[in-house]
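Remarks on the structure that follows.
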Amino acid sequence: MAYLLVMGSVLLSIGVCLGWACWSLGRWTLGRLLPGGRQSSGTATQKAKPGPRARSRSDAPTKASSKAANKAQAKSEPRQEPRASRGKAAPAKAVKNKEPTPPWALTRGLSRFGSALPLGLLMALIYGVVRLAEKGMAARAESTPEGYHQLVSVLGVTAVALLALALVSRFCRWRVDRYERRQ
């Protein structure tokens with residue numbers, strides 16, 4: 001009875017994994033083939049950045065105010081450092097003002113694997129049950145089926161791979177969200 005329960009749960013988990021893969025592949029294929037489907041991540045429309053606006057006469061600074069601003073800036077500037085140290089400080093300022101680079105297509109693609117976490121947790125649960133059954137089978141007098149130990153190790157590796165994919169997906173989603181917030 002325990003053998004049927006364990007093998008049934010293994011068969012169910014394999015069926016869920018294959019079904020999930022086929023469903024994802026089918027959705028991706030139909031989204032690309034049907035007209036009006038989703039755009040690929042590389043051709044996604046980006047928000048239009050406002051261009052430079054024309055300055056009106058009232059926006060132009062007066063001659064007196066620009067001279068006063070130049071004098072105040074000259075007084076507030078610290079004494080200039082030697083060239084060697086100035087070269088090191090300049091890139092740090094440039095990095096702060098630089099716009100963030102858009103995420104790669106791979107990052108955007110990996111950020112869509114939101115279902116990897118529940119599937120990975122399910123696989124980890126099934127692996128725990130199968131591993132417990134393996135310990136129980138080892139304690140009895142009869143021998144375990146030949147491929148059972150290999151099946152248990154494959155389930156463990158699959159669970160770890162799915163959980164790692166879920167972790168990478170979370171980081172990619174965080175990166176894409178962070179980029180989109182700054183835009």
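Only residues that are farther than 22 Å from Val152 by Cβ and among the basic types (Lys, Arg): list them for segment 99-138, please.
Within segment 99-138, Arg108, Arg112 meet the criteria.
Between residues in segment 165-183 that are surrounded by 13 or more Cβ atoms within 10 Å (Cβ to Cβ) and residues that are among the aliphatic types (A, V, I, L, M), which pairs lie under 7 Å by C-beta distance while being six or more apart or on different chains?
Cβ pairs passing all conditions: Leu165/Ala116; Ala166/Ala116; Ala166/Leu117; Val168/Leu110; Ser169/Leu110; Ser169/Ala116; Cys172/Leu110.
What helices (runs of 4 or more DSSP H), lying completely within segment 93-183, carry at least 1 residues that are modelled with pLDDT under 85 and closer than 28 Å to Leu12 by Cβ?
Result: 116-139.
The values are calculated or read from the model by the stated rules, or taken from the named source; none is laboratory data. In this text, all values refer to a predicted model and were calculated from it rather than measured experimentally. Note that we place each Cβ from the backbone using ideal geometry, even for glycine, and neighbour counts take in every protein chain shown.
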